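For reference, the structure discussed in these notes is given below.
The values are calculated or read from the model by the stated rules, or taken from the named source; none is laboratory data. Just so it is clear, the structure is predicted and the values come from calculations on it, not from any experiment. We place every Cβ from the backbone using ideal geometry, glycine too, and count neighbours over all the protein chains shown.
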Amino acid sequence: MEVVLGQVSVDTFKILVWIGASIIGGLFVFGRRVSSGWEIASRMVSVLLAATISFVGLNMAIVFYILAHLADPRWSVGKDPMVDIPELSAGSFFEPVTNTLNDVLNKVSGSLNDAISIKNAFLIIPDFVVPAGQALWLLLALMIAARLISWKIGKMRAQEIERNTRDLADIRSQLGLSPFKEKMLL
């Protein structure tokens, strides 16, 4: 998996997030048959909820991937270049001094390159965090819509049960049977 992700560009990551969210949301289209408009609306809200949650999750997964691979050159495309320190050399008499200076300069340049890598990665991270944050606002609205639709479906089912109970009582009275008695189940 690491080999595959190592070849993927930032723009391809963005496309893969949309594809993944669409596939996961699409899986929620399938299920038992729906018969009313409210059940269709509930199914569509479920599809959108699944797609939105996966969109947020996939974006955040890419953020963690970027944080785990800070030195990856993909994050620095078009950004600040890395610092290269020339190798100091001198005659054999000054070799211990130049070796020490080379070690110090390599450590400094390594730390500077790490800071540049972090800065470049942090310039890419908002490309994934901002859409995830916006999707959280959509998620809030979808959760409210799902709750309202669920309330409406529950109310309609309660009315249907009441209507069926009344119809059953009418049928029993027409047949001369004793009235229907509800038993409380605990």
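General remarks:
- ASP84 vs. criteria part of a helix (DSSP H, G or I) and among the charged types (D, E, K, R): no
- Of residues in segment 39-68 being surrounded by fewer than 17 Cβ atoms within 10 Å (Cβ to Cβ) and in contact (Cβ under 8 Å) with a residue 40 or more places away in the chain, the one farthest from VAL8 (Cα to Cα): GLU39
- For ASN113: the one exception among (1) without any contact (Cβ under 8 Å) to a residue 24 or more places away in the chain; (2) polar (S, T, N, Q); (3) surrounded by 13 or more Cβ atoms within 10 Å (Cβ to Cβ): (1)
- Close pairs (6 angstrom Cβ cut-off, 6 or more residues apart or separate chains): aliphatic (A, V, I, L, M) in segment 24-38, in a helix (DSSP H, G or I) anywhere: ILE24/ALA50; ILE24/SER54; VAL29/VAL47; VAL34/ILE40; VAL34/ARG43
- Within segment 5-38, tally of residues that are within 26 Å of TRP151 (Cα to Cα), surrounded by 13 or more Cβ atoms within 10 Å (Cβ to Cβ) and modelled with pLDDT under 90: 3
- The condition (being under 15 Å from LEU49 (Cβ atoms) and not hydroxyl-bearing (Ser, Thr, Tyr)) is satisfied by just one residue among ARG166, ARG157, ARG147, ARG172: ARG147.
- Scan of segment 140-164 for residues that are aliphatic (A, V, I, L, M), touching a helix residue (DSSP H, G or I) at 6+ places or on another chain (Cβ under 6 Å) and closer than 13 Å to SER36 by Cβ, ordered by number: ILE149, ILE153
- Within segment 71-113, the set of residues being farther than 28 Å from VAL10 by Cβ, of a type in the set (Lys, Arg) and modelled with pLDDT under 75 is empty.
- Of the residues contained in segment 106-121, none is found to be part of a helix (DSSP H, G or I), among the hydrophobic types (A, V, I, L, M, F, W, C) and more than 28 Å from ASP84 (Cβ to Cβ).
- Conditions (1) without any contact (Cβ under 8 Å) to a residue 60 or more places away in the chain; (2) closer than 20 Å to LEU142 by Cα; (3) within 19 Å of the chain's Cα centre (by Cα): number failed by ASP11: (2)
- Residue satisfying all of: in segment 122-132; surrounded by 13 or more Cβ atoms within 10 Å (Cβ to Cβ), assigned to a helix (DSSP H, G or I) and of a type outside the set (Phe, Trp, Tyr); modelled with the lowest pLDDT among these: LEU123
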